[in-house]
1. From the phi angles alone, apply the Karplus equation (6.51, -1.76, 1.60; θ = phi - 60°) to the range 202-213 and give each ³J(HN,Hα) in whole Hz, x where the residue is Gly or Pro.
2. What is the dipole size for the chain, taken about its Cα centre, with +1 at each Lys and Arg Cβ and -1 at each Asp and Glu Cβ, in debye to the nearest 20?
3. Taking only the alpha carbons of the range 22-110, what extent do you get along each of the three principal axes, in Å, biggest first?
4. Take the alpha-carbon centre of the range 50-117, take the same for the range 169-223, and report the distance between them in whole Å.
5. Would you calculate the volume per residue, in Å³, of the smallest convex hull containing every Cα atom of the range 3-243?
6. Taking the highest mean first, how do the peptides 144-151, 155-162 order by number of other beta carbon atoms within 10 angstrom per residue?
7. As a test of the definition: which semi-axes, in Å, follow for the range 119-170 when you take the square root of five times each eigenvalue of its alpha carbon gyration tensor? Largest first, please.
8. For the range 3-243, with the dipole built from +1 on Lys and Arg beta-carbon atoms and -1 on Asp and Glu ones, taken about the Cα centre, which of Pro228, Ala60, Ala155 lies farthest toward the positive end?
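Nothing in this text is a laboratory measurement; each read-out follows from the coordinates by a stated rule. These figures come from a predicted structure and were not determined experimentally. Reconstructed Cβ throughout: ideal geometry from the backbone, glycine too, with neighbour counts over all protein chains shown.
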Amino acid sequence: MSIHLVGGGWSPDDTELYDLFVAEAAVRGAAVGRSVPRIAVLIVVADDSPSAEFRDGYPAMLAAGGRCEALTTIVSAGDEFDTRVLSDVDGLLVAGGLTPAYLDAVAPLIDQVRLLVADGLPYLGFSAGAMIAADRAVLGGWLIGDVPVCPEDAAEDLDEVTLADGLGLVDLAIDVHAAQWGTLTRLIAATEAGLVRGGVAIDENTALVVGEGALAVLGTGSVWRVEPQLDDGGEIVGVSVGTLGVE
C-alpha cells in the first residue's frame, strides 16, 4: 500500500488521479470481505475554505460510479477529529484547506494514523493533507526573516515560514500548488536556510506516490525535487532543483 500526495487542483472529472488509491483501498477492503471499500474523507473548514462546492463535490468525485464509499467528516477550524473516524475503513484521505488548521484537527489521530499506515492502510493527502504528511511539515508563511520567499497569497495566514511535527509518513518536506502558486521558491529558501533537509513541491492535478518500490508521479504536472548542496564540512552552500517527471 502507498502514500499518495496530491498537489491540489480538482474537478469532478479528475477520477483517474485517484484510481490507484481507490484500488489499494479495495484490496484492503476485500481482505475483510467488503466488495466496496470504505474511505474516510476528512475536511477542515476555515472561513468557508474549502468551498461548499469542494465539500460536496470532492467526495462525490472520489466515489464516482460507486467504486468506493466516501465517509466524509467535516469539522470547523479549531475543532479536532474524533478517533472513531478511523474505525473500520480501508483508506484515509485528508483533504485541503488551511494547513495549520488541518494539523491541529488531526492531532488526536496522529499515533493511530501512523500505526494504520504502517499496517498497510493507503493514505492520500490532498494539498494541506499532503503537506502535513511529512515528518517536519511546512505549514505556510511567505517570509524568512524579512525576505519574501513566495507570494503572500500562499502564506496560509502565516507571515514567517513555519514548520511543525507532522504525521511522520514521509521523511521529506512537502509543498503544494507549486507551479500555480509559486510555492517552489518557499521550499528552496527553507532548504537553503536549513529549516528543512530538502523535499518536494507538487504541482496541481499531480500526485507523488510513495510505496515500497520506486517513487511514481501521476497526473498532468511535475513534482519538483529540492536538495541541499553541502561542502566538505557539511555546510549548505546551495540548492539543486529538478523534476521527477510524470509516468
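1. Each residue of the range 202-213 in turn: 10, 5, 5, 6, 9, 10, 9, 10, 10, x, 6, x Hz.
2. 800 debye
3. 39, 27, 15
4. First find each Cα centre; the distance between them is then 21 Å.
5. 118 Å³
6. The densest-packed peptide leads the list: 155-162, 144-151.
7. Working from the Cα gyration tensor, I get semi-axes of 26, 11, 6 Å.
8. My answer, from the dipole projection, is Ala60.
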